[in-house]
Amino acid sequence: MTLNIRTTKLREKLARYQKVVLYGAGQMAKELCKVLEDIGVVPAFCVVTSATNGQILVTDTDVYEIGKCEEILRDRNSITIIAVTEKYQHEIAGILKNKRINNWLLLSDYLWYPFCGQTYHEIYRNQSFEWYKDRIDEWEKNNLCGEDLNSFSEFDNCIVFILKNPAPRVCKILHALQKKGERIVVFVEVAVGQADVFKPFMNQIERSCNRYILFEYIEELLCYLRKLNSKIIHVFSNAWDPYLAFEIVRLKQYLGKVIFENYDIINGMITLFDEEHLYMEKYCLENADGVTCREFVTEYLINELHFSIKKVLVFFDYCTSDAGEKVKRSNCRELSLCYAGGIVTEKECPGVACACLLELGQKCEENKCHLHIYPSVWSEEKYKDYIEFESKSKYFHLHRPVSFEELNTVISQYDFGIHPVKSTVGMKDEGYTTRKKYLYGATNKFFDYLDAGLPIIACSPFKQADMFENEQVLIKWSIDEYDFDIMRKCKEEYKRNVKKANQKFSMDSKIGELIEFYNLL
(Lines give C-alpha, C1' and ligand atoms only; values in the text may rest on other atoms or scores of the structure.)
Protein backbone atom coordinates (compact mmCIF):
# COMPACT_ATOMS: atom_id res chain seq x y z
CA MET A 1 0.00 0.00 0.00
CA THR A 2 1.36 3.40 -1.01
CA LEU A 3 -0.41 6.59 -0.03
CA ASN A 4 -0.32 9.53 -2.43
CA ILE A 5 -0.60 12.39 0.03
CA ARG A 6 -1.13 16.09 -0.63
CA THR A 7 2.01 16.91 1.31
CA THR A 8 1.94 20.69 0.79
CA LYS A 9 -1.54 21.03 2.28
CA LEU A 10 -0.75 18.59 5.08
CA ARG A 11 2.50 20.36 5.95
CA GLU A 12 0.69 23.72 6.07
CA LYS A 13 -1.91 22.28 8.45
CA LEU A 14 0.54 20.54 10.78
CA ALA A 15 2.81 23.61 11.03
CA ARG A 16 0.25 25.24 13.36
CA TYR A 17 0.74 22.57 16.04
CA GLN A 18 3.55 21.55 18.34
CA LYS A 19 2.60 17.89 18.62
CA VAL A 20 1.29 15.44 15.99
CA VAL A 21 -0.45 12.23 17.01
CA LEU A 22 -1.67 9.43 14.75
CA TYR A 23 -4.93 7.64 15.52
CA GLY A 24 -4.27 4.18 14.19
CA ALA A 25 -1.24 1.89 14.13
CA GLY A 26 -1.99 -0.25 11.07
CA GLN A 27 -0.84 -0.09 7.46
CA MET A 28 -2.09 3.44 6.75
CA ALA A 29 -0.41 4.80 9.86
CA LYS A 30 2.79 3.00 8.93
CA GLU A 31 2.77 4.54 5.44
CA LEU A 32 1.95 7.96 6.86
CA CYS A 33 4.95 7.81 9.19
CA LYS A 34 7.22 7.48 6.14
CA VAL A 35 5.63 10.48 4.45
CA LEU A 36 5.81 12.60 7.60
CA GLU A 37 9.48 11.76 7.96
CA ASP A 38 10.09 13.03 4.41
CA ILE A 39 8.54 16.41 5.27
CA GLY A 40 10.34 16.70 8.61
CA VAL A 41 7.49 15.78 10.96
CA VAL A 42 7.94 13.18 13.71
CA PRO A 43 4.73 11.84 15.32
CA ALA A 44 4.76 12.00 19.14
CA PHE A 45 2.98 8.63 19.37
CA CYS A 46 0.12 6.56 17.96
CA VAL A 47 -3.19 6.03 19.68
CA VAL A 48 -5.64 3.15 19.26
CA THR A 49 -9.07 2.41 20.66
CA SER A 50 -7.90 -0.95 22.02
CA ALA A 51 -4.43 -2.47 21.87
CA THR A 52 -5.94 -5.97 21.76
CA ASN A 53 -8.01 -5.34 18.61
CA GLY A 54 -6.29 -5.01 15.25
CA GLN A 55 -2.71 -5.43 14.10
CA ILE A 56 0.00 -3.04 15.34
CA LEU A 57 2.33 -2.39 12.38
CA VAL A 58 3.97 0.84 13.54
CA THR A 59 7.21 -0.23 15.23
CA ASP A 60 9.27 2.97 15.66
CA THR A 61 6.64 4.95 17.56
CA ASP A 62 4.98 4.36 20.93
CA VAL A 63 1.37 3.15 20.78
CA TYR A 64 -1.16 3.94 23.56
CA GLU A 65 -4.80 3.21 24.12
CA ILE A 66 -6.92 6.36 23.97
CA GLY A 67 -7.97 6.14 27.64
CA LYS A 68 -4.34 6.81 28.66
CA CYS A 69 -3.80 9.98 26.61
CA GLU A 70 -7.09 11.88 26.35
CA GLU A 71 -5.77 15.01 28.05
CA ILE A 72 -2.82 15.27 25.64
CA LEU A 73 -5.19 14.98 22.68
CA ARG A 74 -7.38 17.78 24.07
CA ASP A 75 -4.41 20.15 24.23
CA ARG A 76 -4.92 22.91 21.68
CA ASN A 77 -1.27 22.58 20.62
CA SER A 78 -1.80 18.94 19.60
CA ILE A 79 -3.36 17.65 16.38
CA THR A 80 -4.57 14.08 15.83
CA ILE A 81 -4.56 12.59 12.32
CA ILE A 82 -7.11 9.82 11.88
CA ALA A 83 -4.96 7.42 9.84
CA VAL A 84 -7.29 4.50 9.12
CA THR A 85 -9.29 3.39 6.09
CA GLU A 86 -12.43 5.32 5.23
CA LYS A 87 -14.49 2.39 6.47
CA TYR A 88 -13.52 3.16 10.09
CA GLN A 89 -12.60 6.87 10.10
CA HIS A 90 -16.05 8.25 10.90
CA GLU A 91 -16.45 5.80 13.79
CA ILE A 92 -13.16 7.10 15.24
CA ALA A 93 -14.17 10.71 14.62
CA GLY A 94 -17.28 9.97 16.72
CA ILE A 95 -15.12 8.59 19.53
CA LEU A 96 -13.00 11.75 19.58
CA LYS A 97 -16.05 14.01 19.58
CA ASN A 98 -17.59 12.09 22.48
CA LYS A 99 -14.37 12.60 24.45
CA ARG A 100 -14.39 16.37 23.67
CA ILE A 101 -11.25 16.07 21.53
CA ASN A 102 -11.68 18.67 18.78
CA ASN A 103 -8.24 19.05 17.19
CA TRP A 104 -8.25 16.27 14.61
CA LEU A 105 -8.31 15.78 10.88
CA LEU A 106 -9.08 12.96 8.46
CA LEU A 107 -6.10 11.71 6.49
CA SER A 108 -8.52 10.96 3.64
CA ASP A 109 -8.98 14.74 3.17
CA TYR A 110 -5.27 15.01 2.31
CA LEU A 111 -5.01 12.20 -0.24
CA TRP A 112 -4.89 12.27 -4.02
CA TYR A 113 -7.55 9.93 -5.42
CA PRO A 114 -7.66 8.17 -8.79
CA PHE A 115 -10.46 9.65 -10.90
CA CYS A 116 -13.46 7.32 -11.13
CA GLY A 117 -17.21 7.37 -10.73
CA GLN A 118 -17.16 7.26 -6.93
CA THR A 119 -14.55 9.99 -6.46
CA TYR A 120 -16.24 12.05 -9.18
CA HIS A 121 -19.46 12.18 -7.17
CA GLU A 122 -17.73 12.68 -3.82
CA ILE A 123 -15.05 15.20 -4.82
CA TYR A 124 -15.19 16.57 -8.36
CA ARG A 125 -18.85 16.95 -9.27
CA ASN A 126 -19.77 20.52 -10.32
CA GLN A 127 -16.45 22.01 -9.21
CA SER A 128 -15.24 25.22 -10.87
CA PHE A 129 -12.00 25.56 -12.76
CA GLU A 130 -10.69 27.85 -9.99
CA TRP A 131 -11.14 24.94 -7.59
CA TYR A 132 -9.31 22.70 -10.04
CA LYS A 133 -6.59 25.30 -10.53
CA ASP A 134 -5.54 25.19 -6.87
CA ARG A 135 -5.29 21.41 -7.03
CA ILE A 136 -3.43 21.50 -10.36
CA ASP A 137 -0.88 23.97 -8.98
CA GLU A 138 -0.46 21.79 -5.91
CA TRP A 139 0.02 18.67 -8.03
CA GLU A 140 2.64 20.41 -10.15
CA LYS A 141 4.56 21.58 -7.09
CA ASN A 142 4.44 18.18 -5.36
CA ASN A 143 4.66 15.65 -8.14
CA LEU A 144 6.01 16.97 -11.43
CA CYS A 145 9.53 17.89 -12.39
CA GLY A 146 9.78 21.40 -13.84
CA GLU A 147 12.21 20.24 -16.50
CA ASP A 148 9.74 17.57 -17.61
CA LEU A 149 6.93 20.12 -17.93
CA ASN A 150 9.14 22.60 -19.78
CA SER A 151 9.94 19.95 -22.38
CA PHE A 152 6.34 20.16 -23.57
CA SER A 153 7.17 23.40 -25.39
CA GLU A 154 8.47 21.29 -28.28
CA PHE A 155 4.96 19.93 -28.85
CA ASP A 156 3.29 23.21 -29.82
CA ASN A 157 0.36 22.62 -32.19
CA CYS A 158 0.35 18.91 -31.38
CA ILE A 159 -2.61 16.52 -31.39
CA VAL A 160 -3.49 15.17 -27.94
CA PHE A 161 -5.21 11.81 -27.48
CA ILE A 162 -6.84 10.97 -24.14
CA LEU A 163 -7.75 7.29 -23.94
CA LYS A 164 -10.12 5.36 -21.75
CA ASN A 165 -9.98 2.28 -23.99
CA PRO A 166 -6.80 1.53 -25.92
CA ALA A 167 -8.15 -0.29 -28.98
CA PRO A 168 -7.23 -1.25 -32.55
CA ARG A 169 -9.04 1.83 -33.84
CA VAL A 170 -6.74 4.16 -31.91
CA CYS A 171 -3.64 2.27 -33.04
CA LYS A 172 -4.66 2.59 -36.70
CA ILE A 173 -5.38 6.32 -36.41
CA LEU A 174 -2.14 7.04 -34.56
CA HIS A 175 -0.04 5.14 -37.07
CA ALA A 176 -1.63 6.96 -40.01
CA LEU A 177 -1.25 10.39 -38.35
CA GLN A 178 2.38 9.66 -37.58
CA LYS A 179 3.07 8.85 -41.24
CA LYS A 180 1.57 12.25 -42.13
CA GLY A 181 4.13 13.94 -39.89
CA GLU A 182 1.71 14.97 -37.13
CA ARG A 183 3.12 15.39 -33.61
CA ILE A 184 1.05 13.43 -31.11
CA VAL A 185 0.98 13.25 -27.31
CA VAL A 186 -1.03 10.36 -25.85
CA PHE A 187 -2.42 10.13 -22.31
CA VAL A 188 -3.78 6.79 -21.07
CA GLU A 189 -5.39 6.07 -17.73
CA VAL A 190 -2.88 3.92 -15.90
CA ALA A 191 -5.45 1.46 -14.53
CA VAL A 192 -6.59 0.71 -18.05
CA GLY A 193 -3.08 0.68 -19.47
CA GLN A 194 -1.98 -2.01 -17.05
CA ALA A 195 -4.77 -4.42 -17.97
CA ASP A 196 -3.38 -7.49 -19.75
CA VAL A 197 -6.02 -7.37 -22.46
CA PHE A 198 -4.73 -3.96 -23.62
CA LYS A 199 -0.98 -4.66 -23.55
CA PRO A 200 -0.61 -5.29 -27.30
CA PHE A 201 -2.36 -2.00 -28.02
CA MET A 202 -0.24 -0.13 -25.49
CA ASN A 203 2.97 -1.26 -27.20
CA GLN A 204 1.65 -0.10 -30.57
CA ILE A 205 0.47 3.23 -29.18
CA GLU A 206 3.84 3.94 -27.60
CA ARG A 207 5.57 3.34 -30.93
CA SER A 208 3.15 5.61 -32.82
CA CYS A 209 3.38 8.90 -30.92
CA ASN A 210 5.94 11.51 -29.84
CA ARG A 211 5.12 11.38 -26.12
CA TYR A 212 3.26 8.77 -24.14
CA ILE A 213 2.09 9.33 -20.56
CA LEU A 214 0.18 7.07 -18.20
CA PHE A 215 -1.91 8.92 -15.64
CA GLU A 216 -4.05 7.97 -12.69
CA TYR A 217 -5.13 11.35 -11.32
CA ILE A 218 -7.12 14.01 -13.16
CA GLU A 219 -4.98 16.73 -11.59
CA GLU A 220 -1.94 15.23 -13.29
CA LEU A 221 -3.70 15.14 -16.67
CA LEU A 222 -4.97 18.72 -16.36
CA CYS A 223 -1.52 19.91 -15.32
CA TYR A 224 -0.05 18.54 -18.55
CA LEU A 225 -2.93 19.80 -20.70
CA ARG A 226 -2.43 23.34 -19.37
CA LYS A 227 1.22 23.23 -20.43
CA LEU A 228 0.49 21.92 -23.92
CA ASN A 229 -0.33 24.31 -26.75
CA SER A 230 -2.34 21.68 -28.58
CA LYS A 231 -4.02 21.82 -31.96
CA ILE A 232 -6.79 19.53 -30.73
CA ILE A 233 -7.63 17.33 -27.76
CA HIS A 234 -9.26 14.11 -28.98
CA VAL A 235 -11.01 12.29 -26.13
CA PHE A 236 -11.74 8.60 -26.74
CA SER A 237 -14.32 7.58 -24.17
CA ASN A 238 -16.78 4.80 -23.40
CA ALA A 239 -20.33 4.89 -22.14
CA TRP A 240 -19.64 2.82 -19.02
CA ASP A 241 -17.18 5.36 -17.61
CA PRO A 242 -18.06 8.84 -18.97
CA TYR A 243 -16.77 10.98 -16.10
CA LEU A 244 -13.35 11.95 -17.44
CA ALA A 245 -14.66 12.86 -20.90
CA PHE A 246 -17.45 14.87 -19.29
CA GLU A 247 -14.96 16.88 -17.22
CA ILE A 248 -12.64 17.53 -20.19
CA VAL A 249 -15.54 18.81 -22.29
CA ARG A 250 -16.92 20.83 -19.35
CA LEU A 251 -13.52 22.50 -18.83
CA LYS A 252 -12.62 22.85 -22.51
CA GLN A 253 -12.52 26.67 -22.52
CA TYR A 254 -9.45 26.41 -20.25
CA LEU A 255 -7.79 23.55 -22.13
CA GLY A 256 -8.30 23.98 -25.88
CA LYS A 257 -10.42 22.59 -28.70
CA VAL A 258 -11.95 19.22 -27.75
CA ILE A 259 -13.24 16.41 -29.96
CA PHE A 260 -15.44 13.86 -28.21
CA GLU A 261 -15.72 10.25 -29.33
CA ASN A 262 -17.67 7.51 -27.56
CA TYR A 263 -16.78 4.03 -28.76
CA ASP A 264 -20.49 3.17 -28.76
CA ILE A 265 -23.17 5.87 -28.65
CA ILE A 266 -25.87 4.94 -26.12
CA ASN A 267 -28.58 7.61 -26.52
CA GLY A 268 -31.33 6.02 -28.58
CA MET A 269 -29.25 2.89 -29.12
CA ILE A 270 -28.76 1.01 -25.84
CA THR A 271 -31.32 0.68 -23.06
CA LEU A 272 -29.44 -0.46 -19.95
CA PHE A 273 -27.90 2.92 -18.98
CA ASP A 274 -29.29 5.26 -16.35
CA GLU A 275 -30.24 8.90 -16.88
CA GLU A 276 -26.92 10.23 -15.63
CA HIS A 277 -24.92 8.28 -18.23
CA LEU A 278 -27.30 9.37 -20.98
CA TYR A 279 -27.08 12.99 -19.84
CA MET A 280 -23.27 12.98 -19.70
CA GLU A 281 -22.96 11.54 -23.18
CA LYS A 282 -25.47 14.01 -24.58
CA TYR A 283 -23.66 16.89 -22.88
CA CYS A 284 -20.37 15.83 -24.46
CA LEU A 285 -21.96 15.36 -27.89
CA GLU A 286 -23.57 18.81 -27.79
CA ASN A 287 -20.81 20.79 -26.09
CA ALA A 288 -17.58 19.43 -27.57
CA ASP A 289 -16.12 21.49 -30.41
CA GLY A 290 -16.50 18.45 -32.65
CA VAL A 291 -17.65 14.82 -32.58
CA THR A 292 -16.15 11.83 -34.36
CA CYS A 293 -18.23 8.69 -34.63
CA ARG A 294 -17.36 5.20 -35.87
CA GLU A 295 -21.04 4.52 -36.65
CA PHE A 296 -23.92 6.19 -38.52
CA VAL A 297 -25.57 6.97 -35.17
CA THR A 298 -25.15 10.77 -35.23
CA GLU A 299 -27.46 10.83 -38.26
CA TYR A 300 -30.26 9.53 -36.05
CA LEU A 301 -29.35 11.75 -33.09
CA ILE A 302 -29.44 14.92 -35.18
CA ASN A 303 -32.36 14.20 -37.51
CA GLU A 304 -34.72 12.31 -35.21
CA LEU A 305 -33.71 13.09 -31.61
CA HIS A 306 -32.77 16.70 -32.51
CA PHE A 307 -29.43 16.78 -30.70
CA SER A 308 -27.57 20.08 -31.23
CA ILE A 309 -24.22 18.64 -32.31
CA LYS A 310 -21.88 21.30 -33.72
CA LYS A 311 -19.65 19.41 -36.15
CA VAL A 312 -19.56 15.69 -36.91
CA LEU A 313 -17.21 13.43 -38.81
CA VAL A 314 -18.34 9.84 -39.35
CA PHE A 315 -14.95 8.15 -39.30
CA PHE A 316 -15.00 4.36 -39.43
CA ASP A 317 -12.45 1.90 -38.03
CA TYR A 318 -11.07 1.35 -41.53
CA CYS A 319 -8.40 -1.13 -42.62
CA THR A 320 -4.84 -1.54 -41.44
CA SER A 321 -2.75 -0.21 -44.31
CA ASP A 322 -0.16 -3.00 -44.44
CA ALA A 323 -2.57 -5.86 -43.69
CA GLY A 324 -2.38 -7.38 -47.17
CA GLU A 325 1.29 -8.22 -46.69
CA LYS A 326 0.41 -10.70 -43.93
CA VAL A 327 -2.28 -12.67 -45.80
CA LYS A 328 -1.72 -16.41 -46.05
CA ARG A 329 -3.80 -19.24 -47.43
CA SER A 330 -4.68 -22.66 -46.08
CA ASN A 331 -4.21 -25.90 -48.02
CA CYS A 332 -7.67 -27.00 -46.94
CA ARG A 333 -9.93 -27.32 -50.00
CA GLU A 334 -13.15 -27.50 -48.03
CA LEU A 335 -15.16 -24.31 -47.55
CA SER A 336 -14.29 -22.44 -44.35
CA LEU A 337 -15.92 -19.55 -42.46
CA CYS A 338 -14.59 -17.64 -39.47
CA TYR A 339 -16.06 -15.42 -36.79
CA ALA A 340 -13.85 -13.16 -34.66
CA GLY A 341 -15.18 -11.01 -31.83
CA GLY A 342 -17.41 -10.95 -28.79
CA ILE A 343 -19.86 -13.80 -28.35
CA VAL A 344 -23.38 -13.83 -26.96
CA THR A 345 -24.19 -17.46 -26.17
CA GLU A 346 -27.54 -19.19 -26.55
CA LYS A 347 -27.51 -20.07 -22.86
CA GLU A 348 -27.12 -16.51 -21.60
CA CYS A 349 -29.47 -14.85 -24.13
CA PRO A 350 -31.96 -17.41 -25.46
CA GLY A 351 -33.96 -16.17 -28.44
CA VAL A 352 -31.62 -13.29 -29.27
CA ALA A 353 -30.81 -13.14 -32.99
CA CYS A 354 -27.03 -13.02 -32.60
CA ALA A 355 -26.94 -16.00 -30.19
CA CYS A 356 -26.84 -18.58 -32.95
CA LEU A 357 -23.40 -20.20 -33.24
CA LEU A 358 -24.60 -23.67 -32.32
CA GLU A 359 -27.37 -23.52 -34.91
CA LEU A 360 -24.90 -22.25 -37.50
CA GLY A 361 -22.40 -24.92 -36.49
CA GLN A 362 -24.99 -27.60 -37.20
CA LYS A 363 -25.71 -26.08 -40.65
CA CYS A 364 -22.00 -25.99 -41.43
CA GLU A 365 -21.55 -29.64 -40.45
CA GLU A 366 -24.46 -30.68 -42.65
CA ASN A 367 -22.89 -28.79 -45.58
CA LYS A 368 -19.28 -29.91 -44.95
CA CYS A 369 -18.14 -26.35 -44.22
CA HIS A 370 -15.64 -25.55 -41.47
CA LEU A 371 -16.63 -22.88 -38.92
CA HIS A 372 -13.73 -21.31 -37.01
CA ILE A 373 -14.53 -19.10 -33.99
CA TYR A 374 -12.08 -16.69 -32.34
CA PRO A 375 -13.68 -15.16 -29.21
CA SER A 376 -12.29 -11.87 -27.90
CA VAL A 377 -12.05 -13.35 -24.36
CA TRP A 378 -11.85 -16.93 -23.13
CA SER A 379 -14.16 -18.66 -20.66
CA GLU A 380 -14.51 -22.43 -20.45
CA GLU A 381 -17.66 -22.04 -18.39
CA LYS A 382 -19.30 -19.61 -20.83
CA TYR A 383 -18.35 -21.71 -23.87
CA LYS A 384 -19.09 -25.10 -22.30
CA ASP A 385 -21.73 -25.98 -24.91
CA TYR A 386 -19.40 -24.96 -27.75
CA ILE A 387 -16.53 -27.02 -26.35
CA GLU A 388 -18.82 -30.04 -26.10
CA PHE A 389 -20.10 -29.54 -29.66
CA GLU A 390 -16.53 -29.17 -30.95
CA SER A 391 -15.57 -32.53 -29.40
CA LYS A 392 -18.22 -34.25 -31.54
CA SER A 393 -17.88 -32.26 -34.76
CA LYS A 394 -15.25 -32.33 -37.50
CA TYR A 395 -16.34 -28.90 -38.74
CA PHE A 396 -16.78 -26.78 -35.60
CA HIS A 397 -13.55 -25.20 -34.26
CA LEU A 398 -13.39 -23.00 -31.15
CA HIS A 399 -9.99 -21.29 -30.89
CA ARG A 400 -8.31 -19.37 -28.10
CA PRO A 401 -8.32 -15.57 -28.52
CA VAL A 402 -5.50 -14.03 -30.55
CA SER A 403 -4.15 -10.49 -30.32
CA PHE A 404 -5.21 -7.73 -32.67
CA GLU A 405 -1.71 -7.69 -34.19
CA GLU A 406 -1.96 -11.41 -35.05
CA LEU A 407 -5.62 -11.59 -36.01
CA ASN A 408 -5.56 -10.73 -39.72
CA THR A 409 -2.68 -13.18 -40.33
CA VAL A 410 -4.42 -16.01 -38.46
CA ILE A 411 -7.86 -15.68 -40.08
CA SER A 412 -6.58 -14.94 -43.59
CA GLN A 413 -6.45 -18.70 -44.29
CA TYR A 414 -10.26 -18.95 -44.41
CA ASP A 415 -12.77 -18.14 -47.16
CA PHE A 416 -15.29 -15.75 -45.54
CA GLY A 417 -15.53 -13.68 -42.39
CA ILE A 418 -19.02 -13.73 -40.92
CA HIS A 419 -21.24 -11.73 -38.58
CA PRO A 420 -23.90 -14.38 -37.90
CA VAL A 421 -27.45 -13.48 -36.90
CA LYS A 422 -30.85 -15.04 -37.43
CA SER A 423 -33.42 -13.50 -39.76
CA THR A 424 -35.24 -12.00 -36.76
CA VAL A 425 -32.44 -9.46 -36.17
CA GLY A 426 -33.75 -5.93 -35.76
CA MET A 427 -37.36 -7.08 -35.44
CA LYS A 428 -37.52 -6.33 -31.71
CA ASP A 429 -35.47 -4.94 -28.84
CA GLU A 430 -32.97 -7.57 -27.73
CA GLY A 431 -31.86 -7.13 -24.14
CA TYR A 432 -30.04 -3.82 -24.19
CA THR A 433 -29.89 -3.23 -27.98
CA THR A 434 -32.63 -1.26 -29.73
CA ARG A 435 -33.82 -1.70 -33.31
CA LYS A 436 -32.16 1.61 -34.19
CA LYS A 437 -28.80 0.17 -33.13
CA TYR A 438 -29.12 -2.56 -35.75
CA LEU A 439 -29.79 0.12 -38.37
CA TYR A 440 -27.26 2.83 -37.46
CA GLY A 441 -24.58 0.90 -35.56
CA ALA A 442 -21.29 -0.43 -36.91
CA THR A 443 -18.80 -3.18 -36.14
CA ASN A 444 -15.03 -3.10 -36.49
CA LYS A 445 -14.91 -6.81 -37.43
CA PHE A 446 -15.89 -6.01 -41.03
CA PHE A 447 -12.63 -4.11 -41.40
CA ASP A 448 -10.75 -6.90 -39.62
CA TYR A 449 -12.04 -9.31 -42.24
CA LEU A 450 -11.01 -7.01 -45.09
CA ASP A 451 -7.58 -6.71 -43.44
CA ALA A 452 -7.29 -10.49 -43.72
CA GLY A 453 -8.38 -10.50 -47.37
CA LEU A 454 -11.76 -12.06 -46.53
CA PRO A 455 -15.14 -11.21 -48.06
CA ILE A 456 -17.98 -10.89 -45.55
CA ILE A 457 -21.31 -12.59 -44.92
CA ALA A 458 -23.62 -10.46 -42.76
CA CYS A 459 -26.97 -8.71 -42.83
CA SER A 460 -26.47 -6.29 -39.92
CA PRO A 461 -25.73 -3.60 -38.90
CA PHE A 462 -27.96 -2.72 -41.86
CA LYS A 463 -26.46 0.56 -43.14
CA GLN A 464 -22.91 -0.72 -42.77
CA ALA A 465 -23.85 -3.98 -44.51
CA ASP A 466 -25.37 -1.97 -47.38
CA MET A 467 -22.13 0.00 -47.72
CA PHE A 468 -20.02 -3.14 -48.12
CA GLU A 469 -22.60 -4.87 -50.32
CA ASN A 470 -22.27 -1.95 -52.74
CA GLU A 471 -18.52 -2.64 -52.86
CA GLN A 472 -19.32 -6.29 -53.74
CA VAL A 473 -17.35 -7.62 -50.76
CA LEU A 474 -20.37 -8.59 -48.63
CA ILE A 475 -23.16 -11.10 -49.14
CA LYS A 476 -26.19 -9.86 -47.25
CA TRP A 477 -27.49 -13.02 -45.57
CA SER A 478 -28.80 -14.04 -42.20
CA ILE A 479 -27.80 -17.59 -41.18
CA ASP A 480 -31.22 -18.78 -42.37
CA GLU A 481 -30.23 -17.71 -45.90
CA TYR A 482 -26.74 -19.24 -46.08
CA ASP A 483 -26.26 -21.00 -49.43
CA PHE A 484 -23.05 -22.99 -49.21
CA ASP A 485 -22.96 -23.85 -52.93
CA ILE A 486 -23.06 -20.15 -53.85
CA MET A 487 -20.28 -19.47 -51.34
CA ARG A 488 -18.08 -22.07 -53.02
CA LYS A 489 -18.72 -20.64 -56.49
CA CYS A 490 -18.21 -16.94 -55.69
CA LYS A 491 -15.48 -16.92 -53.03
CA GLU A 492 -12.58 -16.21 -55.41
CA GLU A 493 -14.42 -13.41 -57.19
CA TYR A 494 -15.28 -11.79 -53.86
CA LYS A 495 -11.70 -12.12 -52.64
CA ARG A 496 -10.53 -10.18 -55.70
CA ASN A 497 -13.02 -7.44 -54.85
CA VAL A 498 -11.66 -7.32 -51.30
CA LYS A 499 -8.24 -6.19 -52.56
CA LYS A 500 -9.80 -3.10 -54.15
CA ALA A 501 -11.98 -2.38 -51.11
CA ASN A 502 -9.01 -2.74 -48.77
CA GLN A 503 -7.22 0.07 -50.58
CA LYS A 504 -10.34 2.25 -50.66
CA PHE A 505 -11.03 1.78 -46.95
CA SER A 506 -7.44 1.84 -45.69
CA MET A 507 -6.76 4.16 -42.76
CA ASP A 508 -3.94 5.81 -44.72
CA SER A 509 -6.30 6.84 -47.50
CA LYS A 510 -8.89 8.20 -45.06
CA ILE A 511 -6.71 9.92 -42.45
CA GLY A 512 -6.70 13.17 -44.45
CA GLU A 513 -10.41 13.55 -43.65
CA LEU A 514 -9.65 13.46 -39.92
CA ILE A 515 -6.76 15.94 -40.23
CA GLU A 516 -8.99 18.31 -42.23
CA PHE A 517 -11.66 17.98 -39.53
CA TYR A 518 -9.10 18.91 -36.87
CA ASN A 519 -8.02 21.95 -38.86
CA LEU A 520 -11.57 23.21 -39.38
CA LEU A 521 -12.41 23.41 -35.67
(request) Look at Ile92 and say whether it is outside any helix (DSSP H, G or I) and either more than 20 Å from Phe187 (Cα to Cα) or more than 30 Å from the chain's Cα centre (by Cα) (or both). (result) no
(request) Determine the pairs where a residue that is without any contact (Cβ under 8 Å) to a residue 24 or more places away in the chain, located within the stretch 383-404, has a partner that is assigned to a helix (DSSP H, G or I) and surrounded by 15 or more Cβ atoms within 10 Å (Cβ to Cβ) with Cβ atoms under 9 Å apart, the partner being 6 or more residues away or on another chain. (result) Glu390/Gly361
(request) Working only within the stretch 473-489, note down all residues that are free of Cβ contacts under 8 Å to residues at least 24 places away in the same chain and assigned to a helix (DSSP H, G or I). (result) Asp485, Ile486, Lys489
(request) Look at Thr434 and say whether it is under 21 Å from Ser478 (Cβ atoms) and surrounded by 15 or more Cβ atoms within 10 Å (Cβ to Cβ). (result) yes
(request) List the number of the failed condition for Glu516; all other conditions in (1) surrounded by fewer than 20 Cβ atoms within 10 Å (Cβ to Cβ); (2) in contact (Cβ under 8 Å) with a residue 40 or more places away in the chain; (3) under 27 Å from the mean Cα position of the chain (by Cα) hold. (result) (2)
(request) Read through the list (1) of a type in the set (Val, Ile, Thr); (2) in contact (Cβ under 8 Å) with a residue 60 or more places away in the chain; (3) surrounded by 13 or more Cβ atoms within 10 Å (Cβ to Cβ), then give the number of the only condition that Val377 fails. (result) (3)
(message) Of the conditions (1) touching a residue at least 24 places away in the same chain (Cβ under 8 Å); (2) in a loop (DSSP other than H, G, I, E, B), Gly181 satisfies every one except a single condition; which number is it?
(response) (1)
(message) Given the criterion modelled with pLDDT under 95, assigned by TED's automatic domain parsing to the domain that holds Gly341 and basic (Lys, Arg), identify the matching residue among Lys476, Lys437.
(response) Lys437
(message) Looking at Lys363, Lys394 in this structure, which one is at pLDDT 90 or above, assigned to a helix (DSSP H, G or I), at negative phi and not hydrophobic (A, V, I, L, M, F, W, C)?
(response) Lys363
(request) Could you please find all residues in the stretch 239-255 being surrounded by fewer than 17 Cβ atoms within 10 Å (Cβ to Cβ) and either in a strand (DSSP E or B) or of a type outside the set (Ser, Thr, Tyr) (or both)? (result) Trp240, Gln253
(request) Evaluate the following for Glu140: is it closer than 23 Å to Val235 by Cα, in contact (Cβ under 8 Å) with a residue 40 or more places away in the chain and acidic (Asp, Glu)? (result) yes
(request) Keeping to the stretch 269-280, report how many residues are surrounded by fewer than 22 Cβ atoms within 10 Å (Cβ to Cβ), in contact (Cβ under 8 Å) with a residue 40 or more places away in the chain and out of contact with any Phe, Trp or Tyr (no Cβ under 6 Å at 6 or more places or on another chain). (result) 0
(request) Kindly indicate whether any position in the stretch 451-463 is among the hydroxyl-bearing types (Ser, Thr, Tyr), within 26 Å of the chain's Cα centre (by Cα), in the same structural domain as Arg333 (by TED's automatic domain parsing) and assigned to a helix (DSSP H, G or I). (result) no
(request) Restricting attention to the stretch 1-26, report how many residues are over 12 Å from Leu107 (Cα atoms) and among the aromatic types (Phe, Trp, Tyr). (result) 1
(request) Using the structure shown, decide if Leu57 is touching a residue at least 60 places away in the same chain (Cβ under 8 Å) and among the aliphatic types (A, V, I, L, M). (result) no
(request) Determine which member of the set Glu122, Glu130 is under 30 Å from Ile92 (Cβ atoms) and free of Cβ contacts under 8 Å to residues at least 60 places away in the same chain. (result) Glu122
(request) Run Val84 past the list (1) in a loop (DSSP other than H, G, I, E, B); (2) within 26 Å of Asp137 (Cα to Cα); (3) touching a Phe, Trp or Tyr at 6+ places or on another chain (Cβ under 8 Å) and report the number of the one that doesn't hold. (result) (2)
(request) Inspect all residues belonging to the stretch 450-460 and state whether any of them is modelled with pLDDT under 95 and surrounded by fewer than 22 Cβ atoms within 10 Å (Cβ to Cβ). (result) yes
(request) For the stretch 257-268, enumerate the residues that are touching a residue at least 60 places away in the same chain (Cβ under 8 Å) and closer than 18 Å to Tyr518 by Cβ. (result) Lys257, Ile259
(request) Please name all residue pairs, on different chains or six or more residues apart, with Cβ atoms under 7 Å, provided the first residue is in the stretch 85-112 and is touching a residue at least 60 places away in the same chain (Cβ under 8 Å) and not assigned by TED's automatic domain parsing to the domain that holds Leu221 and the second residue is surrounded by fewer than 13 Cβ atoms within 10 Å (Cβ to Cβ) and not in a helix (DSSP H, G or I). (result) Asn103/Arg76
(message) Here are the criteria: (1) surrounded by 15 or more Cβ atoms within 10 Å (Cβ to Cβ); (2) at pLDDT 90 or above; (3) over 27 Å from Gln253 (Cα atoms). Tell me which single one Gly193 does not satisfy.
(response) (2)
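The values are calculated or read from the model by the stated rules, or taken from the named source; none is laboratory data. Keep in mind that this is a model prediction, so the values were computed, not measured. Because the Cβ atoms are built from the backbone with ideal geometry, glycine has one as well, and the counts that use them run over all protein chains shown.
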